[in-house]
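Have a look at the structure below before the remarks.
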Amino acid sequence: MGIISLEKADNLYWLGRYSERVFTTLKVFYEFYDKMLDEQEDAYLVYCQRMGIPDVYHSMKAFVQDYLYDRSNPDSVCTSINRAYDNAIVLREEIGTNTLGYIQMALDTMKESKIFAERYLQHQKVLDDLYAFWGCVDDEVEDEENRNIMKTGRYVERLDLGMRLDLEYKELDKCYRKLSSRIRRLRRPYNDARLYQLGQIMARKDKWKEEANQALFCVNTLFEVD
């Protein structure tokens, strides 16, 4: 196994995070979209609050369009899939052409999904492409450290979003255990004190919410080493 530069490690980590961000936000988006249509037009405000993003939309219509497709919006799904691709393209040698190809397909499909009548089905194809991407990671990324870094990013993002979106504790705990197992396999330093503190919070089960802000802090600073 070769030595991975800090820059490439950062690319791998954020490829994992951004691809998971697209996957999770597209899945959750339709729960809030249905609520906006059926019950509460401004339900997007709750979504923004939970995600910790500013309300720059001011209407349901603007939220649906801009949150999905506005590349000038750093919080949009479109921005996230483009950032995943930007990281993937410089990792062609590390992840392989086929693995990169699934991110490319997800990006292309996301662009094509602007046609309203086909949007839901196209977004399902994006999810399928991302499933295939992770399957290809397992099959074709030979370097174990590369896989571990990407999957650490994946589970960091999944846990971060799961906490913000108030997933059931059993789902959060499963994600925490996967993250804890994966990060301990890395050959590069991480903040063990933050991981330990996160474990203590998660051990409180449903009462973890009493320390939600600290839990999110620990999740997002696992690689800040003193």
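General remarks:
- Computed log₁₀ I(q)/I(0) - Debye formula, equal Cα scatterers, no solvent, segment 171-226, q 0.19 Å⁻¹: -0.62
- Note that segment 115-222, at 25 °C in a medium of 0.890 mPa s, gets a Stokes-Einstein diffusion coefficient of 160 µm²/s from its Kirkwood radius over C-alpha pairs.
- In angstrom, the C-alpha Rg and Dmax of segment 1-66 are 16.7, 55.
- Under 18 Å from LYS170, Cα to Cα: aspartates and glutamates that are on another chain or at least 8 residues apart: GLU157, ASP160, ASP206, GLU210, GLU211
- Spin-label model, GLU168/LEU121: points 7 Å from Cα along the beta carbon direction are separated by 3.2 nm.
- Rolling a 1.4 Å probe over the heavy atoms of the protein chains gives segment 77-181 an accessible area of 45 Å² per residue.
- Calculated P(r) of the chain - Cα pairs past 33 Å, %: 17 percent
- Net length gained if the chain between ALA193 and ALA212 were fully extended (0.36 nm per residue, minus Cα distance): 5.1 nm
- Measuring against 25 Å, Cα to Cα, the residue pairs LYS125/LYS205; LYS125/LYS151; LYS35/LYS174; LYS174/LYS207 contain LYS125/LYS205; LYS35/LYS174 as the ones spanning a longer distance.
The values are calculated or read from the model by the stated rules, or taken from the named source; none is laboratory data. What you are looking at is a predicted structure, and each value in this text was computed from that prediction instead of being measured. FYI the Cβ positions are ideal-geometry reconstructions off the backbone, even for glycines, and counts take in every protein chain you see. We work out accessible area using only protein heavy atoms, side chains counted, and drop any ligands, DNA or RNA first. Shrake-Rupley method; radii C 1.70, N 1.55, O 1.52, S 1.80 Å.
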